[in-house]
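Let me begin by presenting the structure, written as structure tokens, before commenting on it.
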Amino acid sequence: MKKSLFSIGYMSKFTGIHIKTLRYYEEIGVLIPEYVGPEANYRYYSINKSLLLWRCILFRAR
């Protein structure tokens, strides 16, 4: 399942959005991870979530 998912660290580096901001977006319900690992609560995002994140970045800049 994790094969086509991106870690929160990768999403942060890929988009330039700080990990704390990604966690905040999850907290307020804007960007929910596709999968959260049960062993360490590590967050994983799909490509669709990365597109949603890019939209958030664009809207935030306006």
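The values are calculated or read from the model by the stated rules, or taken from the named source; none is laboratory data. Note that the coordinates shown come from a computational prediction; the quantities given were computed from them, not determined experimentally. Methodologically, a virtual Cβ is constructed for each residue, glycine included, from the backbone with ideal geometry; neighbour enumeration extends over all protein chains shown. Heads up: the accessible areas ignore ligands, DNA and RNA and are worked out on the full protein's heavy atoms, side chains in. Shrake-Rupley method; radii C 1.70, N 1.55, O 1.52, S 1.80 Å.
Taking region 21-43, which residues are open to solvent by 40 Å² or more (accessible area, probe 1.4 Å) and aromatic (F, W, Y)?
Y24, Y35, Y42
Taking region 1-20, which residues are open to solvent by less than 40 Å² (accessible area, probe 1.4 Å), closer than 16 Å to R60 by Cβ and not aliphatic (A, V, I, L, M)?
Passing the criteria: S12, T15.
Residue by residue, here is whether (1) touching an Asp or Glu at 6+ places or on another chain (Cβ under 8 Å); (2) without any contact (Cβ under 8 Å) to a residue 40 or more places away in the chain; (3) polar (S, T, N, Q) holds:
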site: Y10; (1), (2), (3): no, yes, no
site: V30; (1), (2), (3): no, yes, no
site: V36; (1), (2), (3): no, yes, no
site: S46; (1), (2), (3): yes, no, yes
site: S50; (1), (2), (3): no, no, yes
site: L53; (1), (2), (3): no, no, no
site: R60; (1), (2), (3): no, yes, no
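Restricting to region 21-42, what's the tally of residues that are farther than 15 Å from I57 by Cβ and in contact with a Phe, Trp or Tyr (Cβ under 8 Å, 6 or more places away or on another chain)?
5
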